[in-house]
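Quick notes on the structure that follows.
The values are calculated or read from the model by the stated rules, or taken from the named source; none is laboratory data. Predicted, not measured: the structure shown is a model, and the values here were computed from it. Here the Cβ positions follow ideal geometry from the backbone for every residue, glycine too, while neighbour counts run over all protein chains shown. The accessibility values were calculated without ligands, DNA or RNA, using every heavy atom of the protein model including side chains. Shrake-Rupley method; radii C 1.70, N 1.55, O 1.52, S 1.80 Å.
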Amino acid sequence: MSRLGYRKEIDGLRSIAVLPVIFFHLNIDSFIGGYLGVDIFFVISGYLITSIIYLELKDSTFNILNFYERRIRRIVPVLTTVILFTLPFSWYLMVPNEFEEYLLSIFSTILFFSNILFWNQSDYFDNPSEFKPLLHTWSLSIEEQFYLFFPIIFLILYKYFKTQIFKIFIISFFLSYFLAIYSSSNYESANFYLLPTRAWEILSGSISALILIRFANYKEKIFKNKNNLITNFGFILILFSFYFFDSSTKHPGVLTLLPVLGTVLIILSTPNNGIVSRFLSLRFMVYTGLLSYSLYLWHVPLITFIKIYRQSDLLFTDKITVLLLTVFLSIISYNLIEKKFKNKNLFTSKQIYTNFFISVFLLIGISSTLYFTDIFTNNIENRLDDDSRDLYKLALEHTNTDTLLTRYDNNKCKFFSLKLDEEFIERFDNCIESQSEKAVILLGDSHAMNLHNIAYLSTNSNFFVTIANGGSRIKLKDNEYSFKDIFEFIQEYKLSINKVYYHQSGSYLIEDYKGRVDSAEIYKSNKSYLIKNSAINLNLQFLSSLPTETIWIGPFLESRQDFVRQIISGRKEFVIPNSHKSLFDELDYEILSRNNNKVLYVPFDQVYQLKPDEVFVGTCLFYRDGDHLSLCAEDYIGNDTKFFENK
């Protein structure tokens, strides 16, 4: 097999990739591993592109500009259309901080580095990610980054190392795969979003192409009379992965090899007369595969805007609406945009490149203008009456504070650190030398970052330090505590430490009806929730093991309200539902009932009693967002509380 023609079962395989992704984003229970469809896309893409490049190199017809032109024809026109579609909805539905992030995503998407942007912003499975209409473009960025360099490298390899290409691809595959395995436990977000840990999936498709082109005879001998069996096995691997993977699975990691291998086996063993091959070749499956790019691009913005509008998960009717609109828009964009821009008789190379640069400069111009001016916020202000406008300005002031830059530090021995590193230890050692008192240490997540300023203002201690970071909670990973380095530090310095405080978000100690923590669903009166006793027990177990006096300060009341959005909608009175307070009271009770008395548990009410009807205290909006205190609230509580005095 020296030349590869059109294979309709590959388009059918695309439908197997895109449909589970859509169902996953629609939060359909049976497709908790549907996000793996993107991994299938990577394999298919690597197979198709490598086939094209290799065969053109073999025929001496490969032209790198033609290659990039094909990618532009395929990717940019529909992508530009979808981005422009999202603009008016984002303008109307988003609040300023969401809109700013959205504008950054436009800029990064059209320049194909949105994966890097989203890596720096949040985790793919986090709730805030649900309000990003262009989040799914991270996978396009990975592909385009790969294909920016891949043809150049391939060309060099073909010219100078032609006989070694297969070996080089195999070595590169394993290097990337092992890097992904390592990163899945150590750099989870980077592992998910960045090219080095995704390249092996695309390369698996490239290796498949080389096998079919260069080693077809060997493949036929190995697969002889087994094609149907191999296809079925590959399909089972994919279905198994869709069903058993979930957001807690280390991904990409060791197990990600299952859906990737399943895809490779189907590519290598089809077409044949087996049931899976015939299923993938059905007209519906093939047509869905042809629509797959448009389907992938359209569904996420539709889901996002309905969620922003409702401020909740989709209703059943919403899901049906999203599916129908996605199919409708995809059919239109496929026939009127994708097919036409692929037609060289309709659009010449010069027109394609011209349209590409116009699209890039147009979108960069729009996003930059809106980002660096006050057009958006002025538009909102002009829609408000005087009272609402004043509230809106106050809310913006208190919700736009950079948390990291506003952590108090006296440049001596009252300071904050994101991590336990050499700089922290050096400063801590110097403080041991200069201070006559022992250290007070505060540990925890982003809520402990809030508590740092409160304790800083109220404590009489001159040796008070905080080690806190977003997501830095007590977890058990590979039978080791995530705070292992902190435990070792406290063990080593126990004679210089007076006491240790621990504080974290309460939402990570409560599960919703689907077993998700930090979920908006637990704050809805019609949804069930469950206190996560395993997490409470783990916290108590770790804190009890510390060789110092240890105090767990309970979680503070989270508003889970978007007050800026409420102000824009015309509301002038703001109250946190009493059910939220009852939930946190119940959490306090559960922790106290499980405490073994080796750790002192102190409900946050003993530090300061946050009241549901005190959202604004004077001119201070107490909440920076749905679950963090604002800087002015930290100052207010820090100057009011007596809890940390003489402690």
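Solvent exposure of L396, expressed as accessible area, is near 30 Å², computed with a probe of 1.4 Å over the protein chains only.
Geometric descriptor of segment 394-470, per residue, is 90 Å³ (volume of the convex hull of the Cα atoms).
Phi angles of segment 219-227 translate, via the Karplus equation with coefficients 6.51, -1.76, 1.60 and θ = phi - 60°, into HN-Hα couplings of 4, 5, 5, 6, 8, 3, 6, 10, 4 Hz per residue; Gly and Pro are given as x.
Largest first, the residues W91, W138 sort by 1.4 Å accessible area into W91, W138. Work out the charge dipole of segment 1-75 with +1 on the Cβ of Lys and Arg and -1 on the Cβ of Asp and Glu about the Cα centre, then indicate which of I22, S51, I40 is farthest towards its positive end. Comparing the listed Cα positions along the dipole, S51 ranks first. Counting only helical runs of four or more DSSP H residues, what would the 222 nm mean residue ellipticity of the chain come to if each run contributes -39,500 (n - 2.57) and the total is spread over all its residues? For the chain, the value works out to -19000 deg cm²/dmol. Each Lys and Arg contributes +1 and each Asp and Glu -1, all at the Cβ; summed about the Cα centre of the chain, the dipole is approximately 3720 debye. For a straight C-alpha distance cut-off of 25 angstrom, the lysines reachable from K344 (same-chain residues fewer than eight places away being disregarded) are K8, K58.
One entry in (1) 38.8; (2) 44.4; (3) 31.7 is mean projected area of the Cα convex hull in nm² calculated from the shown coordinates; its label is (3). Counted residue by residue at 0.36 nm each, then reduced by the alpha carbon distance between them, the extension gain from E645 to K477 reaches 56.9 nm.
Charged side chains reduced to their Cβ positions (Lys and Arg at +1, Asp and Glu at -1) give segment 247-327 a dipole of some 40 debye around its Cα centre. Accessible surface for the chain, divided over its residues, is 45 Å² per residue with a 1.4 Å probe.
Prolate is the label for segment 335-482. Its Cα gyration tensor axes, ordered a ≥ b ≥ c, give a/c of at least 1.5 and a/b above b/c. Can you tell which of F361, N430, N343 lies farthest toward the positive end of the dipole of segment 335-459, using +1 and -1 charges on the Cβ of basic and acidic side chains (Lys, Arg; Asp, Glu)? The residue sitting most towards the positive pole is N343. Annotation: extensible slack from N379 through F223 equals 49.7 nm (criterion: 0.36 nm per residue apart, minus Cα-Cα distance).
Our estimate of slack between E492 and T348, defined as 0.36 nm per intervening residue step minus the Cα-Cα distance, is 44.9 nm. Here the simple spin-label model places points 7 Å from the Cα toward Cβ, and for Y160 and R594 these points are separated by 6.0 nm.
Looking at the chain alone, DSSP beta bridges between its own residues are antiparallel in about 30 percent of cases.
Simple spin-label estimate for S579 and R214 gives 6.2 nm between the two label positions (7 Å along the Cα-to-Cβ direction from each Cα). When the Cα gyration tensor is reduced to axis lengths a ≥ b ≥ c, the ratio a/c is 1.5 or higher for segment 13-124, and with a/b not above b/c it is classed as oblate. For the chain, the fraction of 1.4 Å probe accessible surface lying on carbon and sulfur atoms is 58 percent.
Helix 631-640 axis versus longest C-alpha principal axis of the chain: approximately 20°, rounded to the nearest ten. Dipole magnitude for segment 458-532: computed about the Cα centre from +1 point charges on Lys and Arg Cβ and -1 point charges on Asp and Glu Cβ, it is near 260 debye. Ordering F489, N232, V617 by the projection of their Cα atoms onto the charge dipole of the chain, which places +1 on the Cβ of Lys and Arg and -1 on the Cβ of Asp and Glu, puts N232 at the extreme positive end. For the pair I64 and S185, label points projected 7 Å from Cα toward Cβ lie 4.0 nm apart. Listed by chain and number, the lysines placed with their C-alpha closer than 17 angstrom to that of K414 are K438, K499, K647; residues fewer than eight positions away on the same chain are left out.
Can you bin segment 60-182 into rounded, prolate or oblate? Criterion: square roots of the alpha carbon gyration tensor eigenvalues sorted a ≥ b ≥ c, rounded for a/c under 1.5, prolate for a/b above b/c, oblate for the rest. It comes out oblate by the Cα gyration axes. Look at where the Cα atoms of segment 187-213 and of segment 567-618 average out, and the two centres are 46 Å apart.
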